[in-house]
Every structure is written in structure tokens, then in C-alpha cells.
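See structure below.
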Amino acid sequence: MSSPPAPIRVMLVDDHATLLWGLRKLIEGAAPEMELVATAADPDQALVEAARTRPDIVLLDLDLGGRSSLEILPDLLTGRAARVIILSGNRDEALLGQAMRLGARGVVGKDADAEVVLAAVRKVHGGEMWMSQTMMTAMLGAFINPAAADYRNIEAEKIASLTLKERKIVQAVVHSNGAANKDLAQQLFIAEPTLRNYLTSIYQKLDVANRLELYVYATKHRLG
């Protein structure tokens, strides 16, 4: 009599406690087919736990405590057999495409049904890719029009460099209706000099000169 197949060893990386709890219950409920081997809430902990447990699949949140998980993606894959599926509420195709180019094997929306998440784990563990039809179309478009794809890659890298706090400030700028820095700072519950410092960092990262250019850039790239 043959032995049952080994369970798919899964690690969860997400800084939202509620979502992490739900994912934990989902994977635990899929036993004996799947086994939860580790959880992590920040990039550094993710690298430590991945090295310790050597999971088959890593479900990786795109935003981790203000840091982009793309910065640790290559390290998660180097020298390990793990395959990474990005968990994202972000619909920026360029950013998600960058994750795929860095080695992710799939993308699943945070609003996806439980069966979709489990299906993605099974498919990616089996050596297949998992992405939406929209993402597939965007990836094919990169082959058809590489010049446009190169531009999107550059912009995706700029956007990925923003911290979560900086992204929230960009969103506030988009929806501020031209409010003065003083008023915008009050809305964000930060001091006006602190807001100016954040804006300076954002301008440098996105290569814009002022709030008007930031508004145009953010609207074009759907950051609002």
C-alpha cells in the first residue's frame, strides 16, 4: 500500500492580524493536504521563518508594515525550493508584473474566495502559474510591446519604493481638492513640517517637482 502524499507546507506572511487569522484557519482546514508551518508579519521575520521551516509555498502580502515585500522576494527564493504567491489588494498591474518577474509564481487578490486561494496553492505547488486573466493579458502585452513594458517596469519600481505611509499621503493629496499643506497635515494627524518631509521624499522617488505633478502622476498610475 502506497504512502499518502506529503502535505503542502505553507507559510503565511501578512501584517494584518485578521487576514492572517483567516488564512491560518483556511490552511489548517485543508489538512491533511496542506500544513501550516510558519507565519510572519514583517519582512525580516519572513526571511527568518522561511530559512527555518523551508516551506513549499509562501503566501506573501505585497505590503508589509510600510515596506514592499518585493524587496525580500529574491531572498525568499534564493537557494530554497519555496514558490511564492503574492497576496494583494493592489490592482496595479505594473507592480504585480514586477513581482512575477522577480520570481513570484502567482497573484491572488485578498478578496478572493477561499477555494480560489486553495486552488492557487495546489496549482503553484504543482509547477503551474496562477494569475487572473487581466494579469495574463498584461504579461502578454509586455512581450508584444516591450518598449511600453520597459516604461511600466521603471514606473513600477518607483511606486514600489514608496512606503505605506507615503502611499497614504499620495492618496490624501489626490483627494484633497487642492487643500493647503497645513490643512492636509491636519487631516493626516501629522505636523506640517513632517508632511513637507514626506512630500520631499515622495517627489524624489516618483521624479515629480510639486503637488500638482504628484496629483497628475498619481491619477495616471491609479495611486489614489
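Things worth noting here:
- Subset tally (residues that are open to solvent by 50 Å² or more (accessible area, probe 1.4 Å) and not basic (Lys, Arg)) for segment 20-44: 9
- Enumeration of residues in segment 150-173 that are crowded, with 16+ Cβ neighbours inside 10 Å, modelled with pLDDT of 85 or more and either more than 14 Å from Leu70 (Cα to Cα) or among the aromatic types (Phe, Trp, Tyr) (or both): Glu166, Arg167, Ile169, Val170, Ala172, Val173
- Segment 176-197 residues that are surrounded by 15 or more Cβ atoms within 10 Å (Cβ to Cβ), paired with ones that are of a type in the set (Val, Ile, Thr) (beta carbon under 8 Å, 6 or more apart): Leu184/Val173; Ala185/Thr194; Leu188/Ile169; Leu195/Ile169
- Inter-residue pairs, beta-carbon under 6 Å, first farther than 20 Å from Glu28 by Cα and in segment 108-132, second buried (at least 17 other Cβ atoms within 10 Å of the Cβ) and basic (Lys, Arg), 6+ apart: Met129/Arg105
- Hey, Leu47 open to solvent by less than 10 Å² (accessible area, probe 1.4 Å), without any contact (Cβ under 8 Å) to a residue 40 or more places away in the chain and of a type outside the set (Asp, Glu) or not: no
The values are calculated or read from the model by the stated rules, or taken from the named source; none is laboratory data. Everything quoted here is computed from the prediction, not taken from an experiment. Positions of Cβ are generated from backbone atoms using ideal geometry, with glycine treated the same way; all protein chains shown enter the neighbour counts. What goes into the accessible areas is simple: the full protein's heavy atoms, side chains included, and nothing from ligands, DNA or RNA. Shrake-Rupley method; radii C 1.70, N 1.55, O 1.52, S 1.80 Å.
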